[in-house]
1. Quickly estimate the mean residue ellipticity at 222 nm for the chain, helices only: each DSSP H run with n ≥ 4 gives -39500 (n - 2.57), and the total goes over all residues, rounded to 500.
2. How big is the antiparallel share of DSSP beta bridges in the chain, given as a percent to the nearest 5?
3. Zone of Lys101 (label point 7 Å along Cα→Cβ, backbone N under 15 Å): which residues in segment 10-53?
4. Would you mind working out the magnitude of the charge dipole of the chain relative to its Cα centre, with +1 at each Lys and Arg C-beta and -1 at each Asp and Glu C-beta, to the nearest 20 Debye?
5. When the expected Rg is taken as 2.2 N^0.38 Å, what fraction or multiple of it is the alpha-carbon Rg of the chain?
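What follows draws every value from the coordinates through simple rules; no lab data is involved. Since the structure is predicted, the reported quantities are computational estimates derived from the model, not experimental observations. All Cβ positions, even for glycine, are placed from backbone atoms using ideal geometry, and neighbour counts span all protein chains on display.
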Amino acid sequence: MRVLIVEDDIIIAMHLAILVAEFGHEVVGTVRSAPEVIAQAMALSPDVALMDIRLAQSSGIDAARELHRSQGLRCIFVSANLDETTRAALLPLEPIEFVGKPVMPVVLQRALRKAEALLEP
C-alpha cells in the first residue's frame, strides 16, 4: 500500500516512515503543510494518508477535506488531540482510523491493516 505521511514534526515523521516501511508498506512521500499535501497527493497517488490534525501554519483537517473532495483519498488521522468533538467533525471525511500520539506501533499497524482491507476489491 502506498502511504503519504503528513506531519510537521520531522522526528515524528521519520518514526512514522520507519514503522510504515517495517509493516511492509511504501512511503511515497512526507509533507509538512496543507498546500504541499494536495500537490504531492496528486503527483504520487497514495492509497492512504497518515494525517496530523494540527500542522504548523495550516490545518490537517482542511488538507484532509480537500484530499477527500478532490481525490476521494481517505486518511488515518494521527494526533494528540482526538477528543470526541474533533472526531465528530472528521466523520464526513470517512476517516479510516484515529491513532493517538505518542504513536504505539501496534495501533498504527492495526490502522494500516484496516486501510489495506478497505482497498481490496
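1. -14500 deg cm²/dmol
2. Numbers: 2 of 19 bridges.
For the chain, the DSSP antiparallel bridge percentage is about 10.
3. Within reach of a label on Lys101: 10-17, 31-34, 50-53.
4. Dipole of the chain, to the nearest 20 debye: 120 debye.
5. Rg over 2.2 N^0.38 Å, computed on Cα atoms: 0.93.
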